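Below: the structure, in structure tokens.
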Amino acid sequence: MAKRVAIVGAGVSGLASIKCCLEEGLEPTCFERSDDLGGLWRFTTKVCSVTKCSDFTVSGQWEVVTMHEEKQESAIFDAVMVCTGFLTNPYLPLDSFPGINAFKGQYFHSRQYKHPDIFKDKRVLVIGMGNSGTDIAVEASHLAEKVFLSTTGGGWVISRISDSGYPWDMVFMTRFQNMLRNSLPTPIVTWLMVRKINNWLNHANYGLLPEDRTQLKEFVLNDELPGRIITGKVFIRPSIKEVKENSVMFNNTSKEEPIDIIVFATGYTFAFPFLDESVVKVEDGQASLYKYIFPAHLQKPTLAIIGLIKPLGSMIPTGETQARWAVRVLKGVNKLPPPSVMIEEINARRENKPSWFGLCYCKALQSDYITYIDELLTYINAKPKLFSMLLTDPHLALTVFFGPCSPYQFRLTGPGKWEGARNAIMTQWDRTFKVTKGRVVQESPSPFESFLKLFSFLALLVAIFLIFL
């Protein structure tokens with residue numbers, strides 16, 4: 001059984017892994033190369049190598065070599081949890097931008113961006129329309145003389161605020177909605193989502209419409225971007241044709257635009273330089289890991305990768321759920337299937353065959369948030385049992401099924417059960433709007449509203465009957 005666990009990286013996944021190790025009575029040691037929170041304990045400690053011990057087939061132990069203040073140290077651990085994530089190495093494809101070496105202005109990757117003051121009275125070009133790129137473009141537009149946002153494939157921009165002012169993720173991420181999406185053919189789900197998104201913002205009118213609308217593209221959450229575009233503060237442009245000394249030319253136009261600063265919001269790549277490729281090999285933007293966590297070919301399952309996944313949902317509870325299961329595997333409480341079964345599943349996932357139902361998760365590391373977490377919770381017997389809950393606590397069952405799929409649900413049962421989970425679930429909307437209700441107004445419901453509530457309740461009963469029986 002693993003006892004001493006090395007945790008590489010103290011970001012959100014690393015912190016969750018530390019917590020899960022402590023909950024299971026293990027002794028975690030965390031190594032973090034930076035010197036600030038997001039990393040803690042072993043500050044400014046670089047992990048140089050993680051290699052199997054000579055008796056690995058028997059002990060499953062690892063030798064971890066680290067460097068701190070130019071001093072190298074080595075230690076033996078029973079297990080290792082790698083929590084470095086997928087945002088490790090800035091991707092700066094300068095070769096794809098002819099003339100960039102002749103550019104006399106300033107250019108840098110979005111990872112280096114700290115404060116918008118550098119854009120004051122400048123003409124700014126942001127390349128890349130992910131969340132980082134749009135955030136930087138919007139911030140720059142408040143100080144810069146002019147801001148261009150260049151995108152090759154477009155993107156889906158959504159508001160954090162859904163219908164009636166509810167937080168978008170609390171409305172979208174419910175078990176009912178997820179079941180509904182996964183029950184419908186992919187073209188219908190895609191059409192419904194595009195229609196919903198375009199109700200808030202017609203993407204074609206703003207030059208944002210994605211070229212490929214058949215596959216899921218990461219949502220861009222930005223409430224300000226449409227307003228900055230329509231007021232002429234941010235200009236959407238296509239990809240770059242050529243960079244000159246003090247200007248750029250975009251594709252499909254012959255006009256040169258003067259530019260002072262270029263920000264490359266071109267994403268990241270990831271690697272595990274401290275691990276030999278025989279342990280974990282990265283190919284085509286993904287690693288061959290069972291359930292995105294375990295290498296399938298190791299004689300002993302004592303190494304886990306946490307946080308190397310892109311769920312359509314919150315990364316923090318996803319990483320924590322991964323860690324909860326992984327720690328129990330490292331401890332020997334839970335067992336993995338035979339290597340042949342794990343390898344078969346890994347290969348099937350790499351083929352990216354569409355299921356034809358639900359959203360299309362066809363890009364590397366993409367996953368259905370609720371489905372994936374429920375699968376991991378099943379392994380540790382912590383998945384909410386809706387049917388039995390419906391018989392013993394129907395109010396909670398309905399709230400869990402139709403309400404936000406918040407992480408409280410993952411603590412209702414099983415190891416790590418929290419006694420306050422039920423109350424937290426039942427009162428989550430109260431806490432959500434407590435800070436916004438600075439002025440409380442008494443509302444008197446109309447008879448028509450009462451009728452609608454009764455009708456909705458009857459509709460819920462029918463839905464429950466169809467789902468559970």
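The values are calculated or read from the model by the stated rules, or taken from the named source; none is laboratory data. Since the structure is predicted, the reported quantities are computational estimates derived from the model, not experimental observations. Note that each Cβ is placed from the backbone with ideal geometry, even for glycine, and that neighbours are counted across all protein chains shown. To get the accessible areas, we keep the full protein, side chains included, count just its heavy atoms, and leave off ligands, DNA and RNA. Shrake-Rupley method; radii C 1.70, N 1.55, O 1.52, S 1.80 Å.
The Cα atoms of the range 233-279 define a convex hull whose projected area, averaged across directions, is 6.1 nm².
With the Kirkwood sum run over all distinct C-alpha pairs, the chain has a hydrodynamic radius of 25.1 Å.
With contacts taken as Cα pairs under 8 Å at a separation of at least 6 residues, the chain carries a relative contact order of 18 percent.
Take the cross-link list Lys122/Lys244; Lys52/Lys417; Lys114/Lys434; Lys281/Lys335 and give me the ones stretching past 25 Å between alpha-carbons. Checking Cα-Cα distances, Lys52/Lys417; Lys114/Lys434 exceed 25 Å. Of all DSSP beta bridges confined to the chain, the antiparallel ones make up roughly 45%. Please give the Cα centre distance for the range 59-74 versus the range 94-119, rounded to the nearest Å. Here the answer is 37 Å between Cα centres. Ellipsoid semi-axes for the range 1-114, based on the Cα gyration tensor and the rule √(5λ), read 35, 16, 13 Å when sorted largest first.
A protection proxy built from the mean count of other Cβ atoms within 10 Å ranks the segments 246-256, 66-76, most packed first, as 246-256, 66-76. Computed from point charges on the beta carbon alone (+1 for Lys and Arg, -1 for Asp and Glu), the dipole magnitude for the chain about its Cα centre is near 820 Debye. Among 375-383, 415-423, the peptide with the highest mean count of other Cβ atoms within 10 Å heads the list, and the full ranking is 375-383, 415-423.
With viscosity 1.567 mPa s and temperature 4 °C, the Kirkwood radius over alpha carbon pairs of the range 381-436 converts through Stokes-Einstein to a diffusion coefficient of 111 µm²/s.
Here the range 381-436 has 61 percent of its accessible surface on carbon and sulfur atoms, given a 1.4 Å probe and all protein chains in place. Given the range 193-281 reduced to its alpha-carbon atoms as identical point scatterers, what log10 I(q)/I(0) does the Debye formula return at q = 0.23 Å⁻¹? Debye curve over Cα of the range 193-281, log10 I(q)/I(0) at q = 0.23 Å⁻¹: -1.30. Here the accessible area of the range 106-217 is 51 percent carbon and sulfur, with a 1.4 angstrom probe and all protein chains present.
Treating r as the C-beta distance of Glu443 and Leu221 and R0 as 30 Å, the FRET efficiency rounds to 0.50. Using the Stokes-Einstein relation with a Kirkwood hydrodynamic radius computed over Cα pairs, the translational diffusion coefficient of the range 85-197 at 4 °C and a viscosity of 1.567 mPa s comes to 75 µm²/s. Packing around the peptides 406-412, 5-11, taken as the average count of other Cβ atoms within 10 Å per residue, puts them in this order, highest first: 5-11, 406-412.
Counted residue by residue at 0.36 nm each, then reduced by the alpha carbon distance between them, the extension gain from Val58 to Arg111 reaches 14.8 nm. Taking all protein chains into account, the per residue accessible area for the range 224-298 stands at 45 Å² (1.4 Å probe). Residues whose amide H comes within less than 5 Å of that of Ser247, counting only those at least five positions distant or on another chain, are Ile259 (H built at 1.01 Å from N in the peptide plane).
Working note: 222 nm ellipticity from helices only, DSSP H runs with n ≥ 4, each -39,500 (n - 2.57), summed and divided by the residues of the chain, gives -9500 deg cm²/dmol to the nearest 500.
With all protein chains kept in place, the per residue accessible area of the range 381-436 amounts to 54 square angstrom at a probe of 1.4 angstrom.
Across the range 52-95, Cα-Cα pairs more than 18 Å apart make up 55 percent of the total.
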